[in-house]
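The values are calculated or read from the model by the stated rules, or taken from the named source; none is laboratory data. Nothing here was measured: the structure is a model prediction, and the numbers come from that model. Please note: Cβ atoms are built from the backbone with ideal geometry, for glycine as well, and neighbour counts cover all protein chains shown.
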Amino acid sequence: MGGEAFRAFVADTRDGLEASGVSTLTAAELPQGEITIRVEYSGVNYKDALAVRRDGGVAAIPRLVPGIDLAGTVVDSTDSGIAAGQSVIVHGYDLGVGRHGGFAELARVPAAYVVPMPAGLDARSAMVLGTAGFTAAMSVVQLEERGLSAADGPVLVLGATGGVGAIAVNMLADRGYEVLASTGKDARDWLLGLGASEVLPRLGTGDSPAGPLEGEEWAAVVDPVGGRALASALSSLRWGGAVAQSGMVGGIGLKTTVLPFIIRGAAILGINSVDVPIDRRREIWARMGDDLKPSCLEGIIDREIGLDGLEAAMTTLLEGGARGRFLLSLGA
Ligand SMILES: NC(=O)c1ccc[n+]([C@@H]2O[C@H](COP(=O)([O-])OP(=O)(O)OC[C@H]3O[C@@H](n4cnc5c(N)ncnc54)[C@H](OP(=O)(O)O)[C@@H]3O)[C@@H](O)[C@H]2O)c1
């Protein structure tokens, strides 16, 4: 195993280099861990596109195989709970950030990172979902644990054609919610096909910002965008509503007032898919193969690529141009 050669996309963000591309590595170059996995699929996430850039603020080691999620088959295990031949998912923690990740044919991780493949999913469908799907699921779970139900009124999804957004639209619609999908793209029919009831333009992009309190429109918000879109969404939250906030493609700043909180009892729930304890992670994945499994999984794929297609895919992601998920196939 130590000398086995495999293909990987390597990002070198050392000063003066900033070069990335497909290389051949050997298993001896993989990090420590009890579990070695033959990677079958990975997903391409916004964070991966940042990980290959020196100014991206994501890569924690200078020579990195990015890929914050992966699914595949265990080929070697020194852990009694996980056997060779088992189908598994890994994402979060330092995968693809501080240790080599899923953009490679082989990966090695600690056993404590491993999610056994849930019933209802396989490696391919798990990575159509990937980190984006897990984040959408966490958003729905945290909103529902706070008491949200379909009877409370519409749920607004920001960045609706992105990975997190598109999966949230489909997941919520499947669960009987009225979904308002906010997008900057001409993707009305596609979003209606995923189950959106109505398609709105991007929030917070007009010349005049929304007032601190506007009419009460939505019972909850799934927000992978942040910035002005979040401020605008807060001002139209119904009494007692909440925002599940996960992302920052629209900026990290938030300019709002206290009024949505003290007049409408609004709440912002922080969504962190990276550090979720493994038992909770396994529990949510089990539901993603069951009652949270989106009905339009194949329709959520924007494009399926190999290692050679990664550069172009990541550029599209940084430009906000994705429509759904980019699936990386490392097929045999
Ligand atoms: N907290 C966590 O654990 C966690 C986990 C996963 C992802 N994230 C974060 O969530 C965000 C989205 O991730 P993703 O994988 O869904 O990315 P993505 O596939 O690139 O989708 C982002 C979407 O946001 C919209 N958008 C892009 N630029 C925008 C702008 N300037 N203003 C408003 N909307 C804009 C676009 O959708 P429309 O064209 O439809 O508007 C775009 O497709 C990223 O910031 C990512 O880092 C966080």
Considering only the stretch 201-220, state which residues are acidic (D, E) and either under 16 Å from V155 (Cα atoms) or modelled with pLDDT of 90 or more (or both).
-> E214, E216, E217
Count of the stretch 123-138 residues which are hydrophobic (A, V, I, L, M, F, W, C) and farther than 18 Å from P224 by Cα = 3
All conditions in (1) within 14 Å of the ligand (Cβ to nearest atom); (2) at pLDDT 95 or above; (3) surrounded by fewer than 23 Cβ atoms within 10 Å (Cβ to Cβ) are true of D223 except (3)
Residues of the stretch 141-172 being surrounded by fewer than 24 Cβ atoms within 10 Å (Cβ to Cβ), hydrophobic (A, V, I, L, M, F, W, C) and in a helix (DSSP H, G or I), in sequence order, are V141, A150, A151
May I ask you to list pairs of residues, at least six apart or on different chains, whose Cβ atoms are under 7 Å apart, with the first in the stretch 152-163 being among the aliphatic types (A, V, I, L, M) and the second being within 9 Å of the ligand (Cβ to nearest atom) and part of a loop (DSSP other than H, G, I, E, B)?
-> L158/L203; L158/P224; L158/V225
When only residues in the stretch 273-285 that are surrounded by fewer than 18 Cβ atoms within 10 Å (Cβ to Cβ) and in contact (Cβ under 8 Å) with a residue 60 or more places away in the chain count, which is farthest from L143 (Cα to Cα)?
-> I278
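Could you pull out every one of the strands (runs of 3 or more DSSP E) wholly within the stretch 213-332 that has 3 or more residues that are within 19 Å of Y46 (Cα to Cα)? It would help to see each step written out before you state the result.
On the way: elements: 218-223, 237-245, 267-270, 301-305, 325-329.
Once the strands (runs of 3 or more DSSP E) in the stretch 213-332 are filtered for at least 3 residues that are within 19 Å of Y46 (Cα to Cα), what remains is 301-305, 325-329.
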Taking the residues in the stretch 108-167 that are under 21 Å from V90 (Cα atoms) and of a type in the set (S, T, N, Q) as candidates, determine which candidate is nearest to the chain's Cα centre (by Cα).
-> T131
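Which one is nearest to G247 (Cα to Cα) among residues in the stretch 98-127 that are within 16 Å of the ligand (Cβ to nearest atom) and surrounded by fewer than 24 Cβ atoms within 10 Å (Cβ to Cβ)? Even if it seems obvious, please write down each step before you answer.
Just the residues of the stretch 98-127 that are within 16 Å of the ligand (Cβ to nearest atom), to begin with: 98, 101-103, 113, 115, 126-127.
Then keep just the ones that are surrounded by fewer than 24 Cβ atoms within 10 Å (Cβ to Cβ); that gives 98, 113, 115.
Working: G98: 20, Y113: 23, V115: 24 Å.
Per the stated criteria, the residue is G98.
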Do we find a residue being closer than 17 Å to L129 by Cα, surrounded by fewer than 14 Cβ atoms within 10 Å (Cβ to Cβ) and in contact with a helix residue (DSSP H, G or I) (Cβ under 6 Å, 6 or more places away or on another chain) anywhere in the stretch 241-257?
-> no
Return yes when G163 is closer than 19 Å to G321 by Cβ and modelled with pLDDT under 95 and no when it is not.
-> yes
